[in-house]
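Read the structure below first, then the notes.
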Amino acid sequence: FIAIMPWVVHRHRKLWRDPERFDPDRFAPDRIAARSRYAYIPFGVGPRVCVAASLAMAEIQIAIAVLAQRLRFRLVPGQTIEPTAWSTLRPRHDIQMTVEPRSPDALAAGC
């Protein structure tokens, strides 16, 4: 059994410049075209690739946009978020946050 950990591939310095830095521009169309198609594999690759990858990406983009538009998320002070590699990247410990509506009517539309 051979497993490829996306967490490791997604942080490989030969594939990504400054891989630990948050850089949404690395997913711009011109930069996507310039890199290996196997550099970013969040849904696997090959015959067992996730069949719902496109649906999952659309859902997460909509969900994040709606939540960020309507709510403000803040870390409870004093936390250190320590990433841990499992089959995917996750925090080693729970993350404590406060969540507040951005406006009084933010929750009226449903969330």
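Since every read-out is calculated from the coordinates, none of them should be taken as a lab result. Since we're looking at a predicted model, the values are computed, not measured. Glycine gets a Cβ as well: all are built from the backbone with ideal geometry, and neighbour counts include every protein chain shown.
At-a-glance table
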{"item": "Segment 1-51 - percent relative contact order, Cα under 8 Å, separation 6 or more", "result": "35 percent"}
{"item": "Mean separation of Cα contacts under 8 Å, 6 or more apart, over the residue count of the chain: relative contact order %", "result": "24 percent"}
{"item": "Cα-based helix-to-principal-axis angle, 53-70 vs the chain, degrees rounded to 10", "result": "30 degrees"}
{"item": "Rounded to the nearest 20 debye, dipole of segment 1-51 from Cβ charges on Lys, Arg, Asp, Glu", "result": "180 debye"}
{"item": "Pairwise centroid distance, computed over Cα atoms, of segment 1-75 with segment 77-111, Å", "result": "19 Å"}
{"item": "Efficiency of FRET between Ala85 and Ser54 - r from beta-carbon atoms, R0 30 angstrom, step 0.05", "result": "0.70"}
{"item": "Spin-label model distance (nm) - Leu107 vs Phe22, 7 Å beyond Cα toward Cβ", "result": "2.5 nm"}
{"item": "Globularity index of segment 1-51, i.e. its alpha-carbon radius of gyration over 2.2 N^0.38 Å", "result": "1.20"}
{"item": "Contour excess over end-to-end distance, with Cα ends at Leu15 and Gln96 and 0.36 nm allotted per residue", "result": "25.9 nm"}
{"item": "Debye intensity ratio in log₁₀ form over the Cα atoms of the chain, taken at each q of 0.22 Å⁻¹", "result": "-1.36"}
